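These notes are about the structure you will find just below.
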Amino acid sequence: MKKIKNTIALLLVFVTLSCSKSNAQKTTFPKEALAETVLNTSEKEIAFKKILSQHKGKNIVIEMWASWCGDCLKAMPKMKELQVAHPETSYIYISMDDSAEKWKRAIDKHQLKGEHFMAKDQMKGIIGKALDLDWIPRCIIVDKTGKIVLYRAVETDFDKIDSTLSQLEQNTI
């Protein structure tokens, strides 16, 4: 009986450590993510770090999504509300689609304002793994200095995203 209790306790510790690592708040992007290239709407490769550098000095919302993702499509009206409430923030969309045609059609259909990119190898690829992408839609918020202030926000976290952006605008983070 004691062996079983010890085994269960050890298993619980392992699971807890594994979960806490994957849900940890990161403040910087991993080198693998920064070096990875994504496709722009002209289907030309651009490094993720270059995209971020083009928005230096601005707060950024990075939204990972896909045209086939029902939760992503349901979240689009909330993203539009965020854009109205926080017009000085840059919005970057990174699609996990496997078809540029479907991706571009969804941008037009949903009238998504912001910069649009597509991961070349979807969620399981280099950028997905480097950003711990286990669910979409997913937002990452980066402040004006380039620090990640919210690493993991999903479609149910819009109040948290909104309040984080408000705090950034008031310089209280």
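Quick notes
- Cα gyration tensor shape of the stretch 28-143, rounded if a/c is under 1.5, else prolate or oblate by comparing a/b with b/c: rounded
- Within the chain, DSSP assigns beta bridges of which about 60% are antiparallel (rounded to the nearest 5).
- For the chain, the longest principal axis of the C-alpha atoms and the axis of helix 2-22 are separated by about 20°.
- Counting only alpha carbon atoms, the long axis of helix 70-85 and the longest principal axis of the chain meet at about 60°.
- The listed residues R138, R105, R152, once ranked by accessible area (1.4 Å probe) with the largest placed first, stand as R105, R152, R138.
- DSSP-loop chymotrypsin sites (Phe, Trp or Tyr not before Pro) across the stretch 93-147, with at most 13 other Cβ within 10 angstrom: W135
The values are calculated or read from the model by the stated rules, or taken from the named source; none is laboratory data. Because the structure is predicted, anything quoted here is derived from the model rather than measured. Cβ coordinates were reconstructed from backbone atoms using ideal geometry, including for glycine residues, and neighbour counts include every protein chain displayed. Just the protein is used for accessible areas: all its heavy atoms, side chains included, with ligands, DNA and RNA removed. Shrake-Rupley method; radii C 1.70, N 1.55, O 1.52, S 1.80 Å.
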